[in-house]
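See below for the structure under consideration.
The values are calculated or read from the model by the stated rules, or taken from the named source; none is laboratory data. For clarity, every value in this text was computed on a predicted model and none was experimentally measured. Ideal geometry is used to build each Cβ from the backbone, glycine not excepted, and the neighbour counts take in all protein chains shown.
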Amino acid sequence: MNLPLHSGTRPTDSPHASLPIGVFDSGIGGLSILKALRSELPQERFVYVADSGFAPYGERDEAHVQARALSITQHLLQQHRIKALVVACNTATALAIHLLRDQYPQLPIVGIEPALKPAIALSKTGVIGVMATRGTLESDKFKRLLSSLQGQARFVLQPCSGLAVAIEQFDAQQIQSACAQYIGALGAVSPFGTHHGQIDTLVLGCTHYPFAEAALRLGTGPDVNYLEGGEPVARQTRRLLEADNALNTSDIQQTVATPQETFYSTGDGQTLQSAVQLWLGLQQFVVPLAG
Ligand code: DGL
């Protein structure tokens, strides 16, 4: 179904370094990762795809997410000759990254998973809340991660159906009520706080959720640690590019003068447009993308 266009065809000299990095998510959530990528790699160009027309990934079946991940990656390779791919979505990473790596063995691919290991290092109480999509929490990849950490902390898992959609729609009321519901459910298992037995660390295991932090904080209070994955993903992307001799080392003064990002949406481009302006402070236009 998808041709491995990248394998063996990519130049290995400096023109390769000037090619863009592809980033995708089911929607606007991956902008939280793009923000970290832009800050870690200011010389790089990025092509971002928001698959809003086929979201939410976290509430769809595995085959749907896998087909979307393969199709978007093929588009990014064919149309933009990306030199690396960042799967800026926990659900797509959990369900599809192994297929992408099989299909495109030459392409550096970075994914994101809920930050359970950093949470163990940070937590003093050893009780950690994890908010993610149902798709992520039910995936084999997540179950393997969880069992590899058995005995190191107590994890309280909370699937958050509807929260990514509310964020995607900028629906403040729905965001507040979903956050209150899910923080309430976590707190009923173990209260939030810094005392023995309380949840002192909350892992935001979906790239949309950092954009709801203010609403989440209303329920957890200010003392709880929040963990998301943007910075580690950006650092890992840098490492892979370095290892592949593909880091763009051009003069930063030149690169900041020209737009470094292109944004595509398979759904309502207006949502992505607003989010890009609001969260990244950029004015670029969103290009419609047929599914
Ligand atoms: N942002 C995605 C993630 O990190 C999922 C949101 C959705 O359900 O589409 O898992």
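What pairs come up if the first residue lies in region 89-104 and is of a type in the set (S, T, N, Q), the second is at pLDDT 95 or above and more than 16 Å from the ligand (Cβ to nearest atom), and their beta carbons are under 7 Å apart, counting only those six or more places apart or on different chains?
The qualifying pairs are 103/70.
Residue by residue, here is whether (1) away from the ligand (no atom under 16 Å from the Cβ); (2) of a type in the set (D, E, K, R); (3) at positive phi holds:
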{"residue": "175", "(1), (2), (3)": "no, no, no"}
{"residue": "184", "(1), (2), (3)": "yes, no, no"}
{"residue": "193", "(1), (2), (3)": "yes, no, yes"}
{"residue": "198", "(1), (2), (3)": "yes, no, no"}
{"residue": "207", "(1), (2), (3)": "no, no, no"}
{"residue": "225", "(1), (2), (3)": "yes, no, no"}
{"residue": "228", "(1), (2), (3)": "no, yes, no"}
{"residue": "238", "(1), (2), (3)": "yes, yes, no"}
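Take residue 130 and tell me if it is of a type in the set (Val, Ile, Thr), more than 30 Å from residue 77 (Cβ to Cβ) and under 18 Å from the mean Cα position of the chain (by Cα). Break it down stepwise before answering.
Details: of a type in the set (Val, Ile, Thr): yes; more than 30 Å from residue 77 (Cβ to Cβ): yes; under 18 Å from the mean Cα position of the chain (by Cα): yes.
Spelling it out, residue 130 is indeed of a type in the set (Val, Ile, Thr), more than 30 Å from residue 77 (Cβ to Cβ) and under 18 Å from the mean Cα position of the chain (by Cα).
Name the one entry in 124, 117, 141 that is charged (D, E, K, R), more than 10 Å from the ligand (Cβ to nearest atom) and within 22 Å of residue 23 (Cα to Cα).
Working: 124 fails: within 22 Å of residue 23 (Cα to Cα); 117 fails: within 22 Å of residue 23 (Cα to Cα).
Only one candidate passes the filter, namely 141.
I need the full set of residues from region 161-203 which are in contact (Cβ under 8 Å) with a residue 60 or more places away in the chain, closer than 27 Å to residue 125 by Cα and either among the aromatic types (Phe, Trp, Tyr) or crowded, with 20+ Cβ neighbours inside 10 Å (or both), in order please.
192, 199, 200, 201, 202, 203
Taking the stated definitions as given, is residue 285 touching a Gly at 6+ places or on another chain (Cβ under 9 Å), modelled with pLDDT under 95 and over 22 Å from residue 133 (Cβ atoms)? Give the steps one after another, and end with the answer.
On the way: touching a Gly at 6+ places or on another chain (Cβ under 9 Å): yes; modelled with pLDDT under 95: yes; over 22 Å from residue 133 (Cβ atoms): yes.
So residue 285 fits the description; yes.
Out of 113, 59, 40, which single residue is crowded, with 19+ Cβ neighbours inside 10 Å, in contact with a helix residue (DSSP H, G or I) (Cβ under 9 Å, 6 or more places away or on another chain) and among the charged types (D, E, K, R)?
Numbers: 59 fails: crowded, with 19+ Cβ neighbours inside 10 Å; 40 fails: crowded, with 19+ Cβ neighbours inside 10 Å.
Result: 113 is the single residue among 113, 59, 40 that is crowded, with 19+ Cβ neighbours inside 10 Å, in contact with a helix residue (DSSP H, G or I) (Cβ under 9 Å, 6 or more places away or on another chain) and among the charged types (D, E, K, R).
Residues of region 203-225 being over 20 Å from residue 177 (Cβ atoms) and not in a loop (DSSP other than H, G, I, E, B), which ones?
Scanning region 203-225 gives 203, 225.
Can you name the helices (runs of 4 or more DSSP H) wholly within region 96-189 that have at least 2 residues being at pLDDT 95 or above and of a type in the set (D, E, K, R)? Talk me through it step by step, then tell me what you get.
Numbers: elements: 116-122, 134-137, 140-148, 163-168, 172-189.
The qualifying helices (runs of 4 or more DSSP H) are 140-148.
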